[in-house]
1. Given the conditions (1) within 26 Å of residue 338 (Cβ to Cβ); (2) at pLDDT below 85, report the number of the one that residue 458 does not fulfil.
2. Taking the range 174-223, which residues are closer than 18 Å to residue 113 by Cα and not aliphatic (A, V, I, L, M)?
3. Is it fair to say residue 69 is in contact (Cβ under 8 Å) with a residue 24 or more places away in the chain and open to solvent by 40 Å² or more (accessible area, probe 1.4 Å)?
4. What are the residue pairs meeting all of these: first residue in the range 456-482, first residue more than 12 Å from residue 386 (Cα to Cα), second residue open to solvent by 20 Å² or more (accessible area, probe 1.4 Å) and not in a helix (DSSP H, G or I), Cβ atoms under 7 Å, and 6 or more apart or on different chains?
5. Only one of 241, 226 is farther than 24 Å from residue 111 by Cβ and of a type in the set (S, T, N, Q). Can you tell me which?
6. Which condition from (1) under 19 Å from residue 315 (Cβ atoms); (2) assigned to a helix (DSSP H, G or I); (3) in contact with a strand residue (DSSP E or B) (Cβ under 8 Å, 6 or more places away or on another chain); (4) open to solvent by less than 10 Å² (accessible area, probe 1.4 Å) is the one that residue 215 breaks?
7. Name the residue that is most open to solvent (accessible area, probe 1.4 Å), counting only residues in the range 187-212 that are out of contact with any helix residue (DSSP H, G or I) (no Cβ under 7 Å at 6 or more places or on another chain) and farther than 26 Å from residue 172 by Cβ.
8. Kindly establish whether residue 124 is over 26 Å from the mean Cα position of the chain (by Cα), in contact (Cβ under 8 Å) with a residue 24 or more places away in the chain and open to solvent by 20 Å² or more (accessible area, probe 1.4 Å).
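The values are calculated or read from the model by the stated rules, or taken from the named source; none is laboratory data. Here the structure is a predicted model, which is why all the values come from computation and not from measurement. For neighbour counting, all protein chains shown are included, and Cβ atoms are generated from backbone atoms with ideal geometry for every residue, glycine included. When the accessible area is computed, the model is the full protein with side chains, heavy atoms only, and any ligands, DNA or RNA have been set aside. Shrake-Rupley method; radii C 1.70, N 1.55, O 1.52, S 1.80 Å.
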Amino acid sequence: MIRRNNIWRFLEIVPGVVTWLTLFLPIAASFFWPAGVATFVLVFDLYWLYKSILMGYHLVSGYYHYRRDLKIDWLKKCRSLKKDPSFLNCQDIYQAIIFATYKEEIDTLMPSFEAILNSDFPKKRIIVVLATERRDYLRAQKNAQILTKAFGKKFFKFLVTVHSDIPGEVKAKGANVRWAGKILQKYITFQKIPLENVIVTTCDADSRLHPKYLSSLTYHYATNPNRIHRSFQPIPLYSNNIWQAPPFSRIIAFGNSFWQLIEATRPWRLINFSTHAMSLKTLVEMDFWDTTVVNEDSRQFWRAYFKFNGDHEVVPIFIPVYMDAVLAENFWQTLKNQYLQKRRWFYGVEHFPYVVTQSLEKKQIALLDRLVKIYRLFEANYSIATASIYLAVIGWLPIVFGPGFRETVLAQNLPIIIRGLLGFTWLGLVTSMIISTLLLPPRPQGFRKRKYLEMISQWILIPITAIFFSSIPAIDAQTRLMFGKYMTFRVTQKKVISQTA
């Protein structure tokens with residue numbers, strides 16, 4: 001249970017207050033200082049133009065690394081590793097995959113297990129854990145029986161765990177996988193396998209690992225001399241059902257994948273997201289996952305960072321893990337589910353009090369490093385909530401509300417300058433259009449070639465999706481935290497239609 005003292009509550013309030021002030025101050029200032037607001041907006045637009053160009057560069061770089069790594073025979077590289085005292089013997093490494101499931105049907109889980117079976121990594125060194133919840137016992141046991149019958153003898157070990165709610169835990173993925181991790185530890189200890197020789201990947205039920213993921217992960221882990229203080233992050237591609245998803249859901253799915261490609265080329269900024277991997281030894285030293293937060297993946301990075309006094313980084317693995325885009329029974333339910341998923345993700349602002357308070361305590365970590373980490377976390381949440389609204393709306397407020405301002409030279413030129421600056425950002429959109437088509441899985445039967453035109457033209461919706469599925473859910477999440485309306489985990493419905501090859 002999180003102990004919220006006055007400092008903690010103050011830090012929960014700060015992000016929301018700053019966001020709301022940022023949104024309201026330009027409205028008020030437009031009445032008595034429209035020129036100042038206009039100047040600020042121009043500077044803000046220039047800043048985002050710079051960020052757009054920078055992110056476009058890193059997106060292209062990330063895609064290059066992605067295509068390059070897909071061509072590498074990682075298993076061969078593992079087998080041909082030269083003897084080095086800092087390397088682990090790849091033949092001694094076991095891969096454990098934990099699938100956290102709650103309310104998912106067998107149609108979601110079956111393709112995820114089949115993907116592991118298609119892996120080029122030796123099955124005799126793969127351990128699969130199906131982590132279920134007692135509050136979904138009947139469905140979970142039915143799924144477990146089907147999966148055990150289909151896959152039980154095809155891996156080194158197939159474990160099924162049942163997590164019961166424990167007082168003080170948030171009903172979320174973190175509590176489930178922590179329970180599963182502890183049972184996995186007992187099994188590994190019983191088998192007398194060194195904990196350092198086991199890499200644990202935590203997955204959602206719809207995560208379908210690329211055939212080369214486990215061998216690439218093994219190589220990066222075995223050759224990293226500081227492997228115990230590292231996390232390993234593949235590239236999530238939300239493409240399993242991308243052809244069937246509606247345009248706004250596709251844009252958001254690609255945007256999520258693009259951000260991970262961008263961050264993977266900037267490993268000094270990279271933080272655990274969704275499917276990620278760590279050594280079992282690391283997990284044991286950290287006491288596995290946090291059970292008191294909604295977003296356990298990103299919190300895992302911060303816990304490791306402070307646990308090891310700053311000696312923790314995330315290593316990018318440029319191999320994809322295929323996942324589902326949000327898709328429900330009808331358009332409006334999909335719309336609702338997409339919003340709720342983004343709000344849950346943006347509730348990652350809950351880490352801000354933890355990071356600040358831990359930074360104050362961990363004097364062993366360089367002050368500059370702590371300050372940079374705090375700034376990046378705050379800036380990320382602040383930008384998500386405010387940027388798209390500023391770019392689309394705030395720039396016009398001085399003209400609308402400023403008395404006499406519209407007659408000035410600045411006001412006459414402001415729309416032209418803003419349109420010109422924002423026009424350059426379309427270069428980034430064109431880059432996104434091209435890469436999104438390159439990342440598409442094969443076109444399923446029943447879809448005509450003209451569907452590609454829809455896939456390209458959908459990007460004109462980006463200003464709308466940025467406001468309604470980035471800014472507004474981020475503001476919603478920050479406001480809830482600000483008023484102490486704490487969120488719990490909500491499983492996002494993702495209708496299963498097709499499987500990515």
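1. Failed condition: (2).
2. Correct list: 201, 202, 203, 204, 206, 207, 208, 210, 211, 212, 213, 215.
3. So residue 69 does not fit the description; no.
4. Filtered contacts from the range 456-482: 480/487.
5. 226
6. (3)
7. Across the range 187-212, the extreme among qualifying residues is 192.
8. Yes.
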